[in-house]
Amino acid sequence: MIKAYSWPTPNGHKVHIALEELGLPYTVVPVDIGKGDQFKPEFLAITPNHRIPAIVDPDGPGGKQITLFESGAILIYLAEKAGKLIPKDAHARYKCLEWLMFQMGGIGPMFGQFGHFANYAPEKIPYAIERYQNEVRRLHGVLDKRLSQVEYLAGDAYSIADIITYPWLRFPERRNIDMAEYPNLKRWFDMVDARPAVQRGVAVLSENQRRGSMTDAEREVLFGKTQFAAR
Ligand SMILES: N[C@@H](CCC(=O)N[C@@H](CS)C(=O)NCC(=O)O)C(=O)O
């Protein structure tokens, strides 16, 4: 059975949602990134990047075990394994991968940096906050335009491009975003959000979700010496 090493964050939710949508049997191994589980040798044996998510599938290609990190690679792998949620037609498939890469290279890193400078940085640096706020708005606009032309990000059909993007679009108020300004994106978000498998996916490990602000100990693990001492 597939083991998903994960935690209830946007990048973790992607894998839980994909596994739920694809109907692949799995177990979850919680990796508490606030406590520093991501630096434990058993986790580093799976991923050199000490970040969740990662998976181990004992029944990988050719029947051999495979370990994978990076949520984009994991979602492509899972969709191909199940033969679902990645288009078979070559044109649609490249569009799916295009929007999946757009999330991995644009939305994730930019929204993440905005969150860091707006919420976690010990000093508020107006230049950094403004730069990432502008990028966040611009990226919402790019998605809105795409979704004014097609129903789902890859085109006609729901796919891993939607699954990978959706968790980052939750809680727009945390990014100072009014979704009324992005009506096509809102239409798409509501449609994805209503899917039962999506709701099951975001519920995975939700009992561990941090409520309230980050503690000093968590801050040290995520942004301090522990983070940069790891090999
Ligand atoms: N590009 C990676 C990003 C993974 C990532 O940043 N994961 C965060 C949680 S959302 C993490 O594990 N952080 C732990 C840390 O910073 O030490 C992916 O998409 O899988």
Only one residue in Ala90, Ala128, Ala161 is surrounded by 15 or more Cβ atoms within 10 Å (Cβ to Cβ) and within 30 Å of Asp57 (Cβ to Cβ). Which one?
-> Ala161
Does Phe111 satisfy the condition of being free of Cβ contacts under 8 Å to residues at least 60 places away in the same chain, among the aromatic types (Phe, Trp, Tyr), on the phi < 0 side of the Ramachandran plot and surrounded by 17 or more Cβ atoms within 10 Å (Cβ to Cβ)?
-> no
Test for Arg219: is it farther than 30 Å from Tyr26 by Cα and either out of contact with any Lys or Arg (no Cβ under 9 Å at 6 or more places or on another chain) or basic (Lys, Arg) (or both) | yes
Go through the range 14-32 and give me each residue that's within 12 Å of Val204 (Cβ to Cβ) and not hydroxyl-bearing (Ser, Thr, Tyr).
-> Lys14, Val15, His16, Ile17, Ala18, Leu19, Glu20, Val28, Val29, Pro30
Test for Ile76: is it surrounded by 18 or more Cβ atoms within 10 Å (Cβ to Cβ), at pLDDT 95 or above, in contact with a strand residue (DSSP E or B) (Cβ under 6 Å, 6 or more places away or on another chain) and among the hydrophobic types (A, V, I, L, M, F, W, C) = no
Can you name the residue in the range 35-88 that is in a loop (DSSP other than H, G, I, E, B) and in contact with a Lys or Arg (Cβ under 8 Å, 6 or more places away or on another chain) and is also farthest from Lys14 (Cα to Cα) among such residues?
-> Pro87
Considering the range 172-231 alone, what residues qualify as being away from the ligand (no atom under 16 Å from the Cβ), of a type in the set (Phe, Trp, Tyr) and not in a loop (DSSP other than H, G, I, E, B)?
-> Trp188, Phe189
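The values are calculated or read from the model by the stated rules, or taken from the named source; none is laboratory data. Small disclaimer: the values here were computed from a predicted structure and weren't measured. So basically every Cβ, Gly included, is an ideal-geometry build from the backbone, and we count neighbours across all protein chains shown.
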